[in-house]
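Heads up: the structure comes next, in structure tokens.
The values are calculated or read from the model by the stated rules, or taken from the named source; none is laboratory data. Values in this document were obtained by computation on a predicted structure and should not be read as measured data. Positions of Cβ are backbone-derived with ideal geometry, glycine not excepted, and every protein chain shown enters the neighbour counts. The protein model used for the area step is the full one, side chains on, heavy atoms only, and it has no ligands, DNA or RNA in it. Shrake-Rupley method; radii C 1.70, N 1.55, O 1.52, S 1.80 Å.
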Amino acid sequence: MIGFRIPVSGSQESRRGYALGCSDLLEITGTEPPPKSSANSATPLYLDLHATTPLPKGVKFALFTLPVCAKDVADGDGMTVYVKIVDADDEDQLQGSESIPLNVKQAVYKRKKERRCRNYTKAYELHGLIIRSGYRIITLDNRREILTKKYRIRLRGIDAPELGMEYGNEAKEELVKLVEGRCLRLLVYGQDEYRRFVCDVYCNDTFVQEEMLRKGFAWHYVDYDQRLEFANWQKEARSKQRGLWKSTKPKKPWEWRRRNPMQR
């Protein structure tokens, strides 16, 4: 298995990141990687779950996602991603995973049985139960099925305009351009009050928050993140009047949310 081992120190932490796995949340135990999208065909997709390189300070765990769908991008600083857990057809993997709830395991078994009997209506209902539990079965091009887990994520350290604000749609479109069809590395620092996982997000060699700030489609969320490079990237975008900085008085999203609590 090919693994990523990226030395990170000090100011390089934000820009470079890691591609390490977390064995209790990301159980990639087979020898095949998740599928490659055409837009990301050159990206290596193997994870070394036994890598000894430590994660950056404050990181709880790291995840490696399947290709992101445009419809799963909520706005300019949030999205839903899916991470492979096990091969759905491999009963040993499924049974051996301690992180998968029993009701999900049972639904996967029953769905497989119903599909063999061509009872597709019942199989569809069972998949609905799996989805409501925070998982999803995805069929690959070779018809192999994998069980994935859903994660709602929030980009750490930035705050993009809300969809009801000026430049809100543009910020969302920019994030879609950066991540659509691509696999992401996520460094997870914790969860926010809405149970979203707060992450540094990397796509190939691109640090997604850096791009959003440099292009002027997000604010540095300084109340929650004091990284100097974030302040510098925002300053650059502002001086060059990119994105929301074309406005003479751009509205701050956190202030807008306080005044419009029902339009979050």
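For A123, state whether it is out of contact with any strand residue (DSSP E or B) (no Cβ under 7 Å at 6 or more places or on another chain) and at pLDDT 95 or above. Yes, satisfied. Applying the criterion of being open to solvent by 100 Å² or more (accessible area, probe 1.4 Å) and among the charged types (D, E, K, R) to the residues of region 96-114, the residue that is nearest to the chain's Cα centre (by Cα) is E98. The condition of being within 30 Å of H220 (Cβ to Cβ) and modelled with pLDDT of 95 or more does not hold for V108.
State which residue is surrounded by the fewest Cβ atoms within 10 Å (Cβ to Cβ) when the search covers only region 115-154 and only residues that are in contact (Cβ under 8 Å) with a residue 60 or more places away in the chain and among the hydrophobic types (A, V, I, L, M, F, W, C).
Looking only at region 115-154, we keep the residues that are in contact (Cβ under 8 Å) with a residue 60 or more places away in the chain, and these are 138, 140-141, 146-154.
Imposing the further condition that a residue be among the hydrophobic types (A, V, I, L, M, F, W, C) reduces the set to 138, 140, 146-147, 153.
Numbers: I138: 15, L140: 13, I146: 24, L147: 25, I153: 23.
Only one residue fits best here, namely L140.
Note on region 103-124: residues that are among the hydrophobic types (A, V, I, L, M, F, W, C) and more than 20 Å from V83 (Cβ to Cβ) amount to 2.
Filtered by the rule that a residue be touching a helix residue (DSSP H, G or I) at 6+ places or on another chain (Cβ under 8 Å) and either closer than 30 Å to Q209 by Cα or free of Cβ contacts under 8 Å to residues at least 40 places away in the same chain (or both), region 87-103 gives E91, Q95, N103.
Picking from L163, L175, which residue would you name as being assigned to a loop (DSSP other than H, G, I, E, B) and aliphatic (A, V, I, L, M)? Reasoning before the result, please.
Values: L175 fails: assigned to a loop (DSSP other than H, G, I, E, B).
Going through L163, L175 in turn, the sole match is L163.
Could you go through region 115-137 and let me know if any residue there is farther than 28 Å from D200 by Cβ and of a type in the set (S, T, N, Q). Yes - at least one qualifying residue is present in region 115-137.
For every residue, the table says whether it meets (1) surrounded by fewer than 23 Cβ atoms within 10 Å (Cβ to Cβ); (2) out of contact with any Lys or Arg (no Cβ under 9 Å at 6 or more places or on another chain); (3) in contact (Cβ under 8 Å) with a residue 24 or more places away in the chain; (4) under 30 Å from G128 (Cβ atoms).
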{"site": "L163", "(1), (2), (3), (4)": "yes, no, yes, yes"}
{"site": "E193", "(1), (2), (3), (4)": "yes, yes, no, yes"}
{"site": "R196", "(1), (2), (3), (4)": "yes, no, yes, yes"}
{"site": "V201", "(1), (2), (3), (4)": "no, no, yes, yes"}
{"site": "A231", "(1), (2), (3), (4)": "yes, yes, no, no"}
{"site": "L244", "(1), (2), (3), (4)": "no, no, yes, no"}
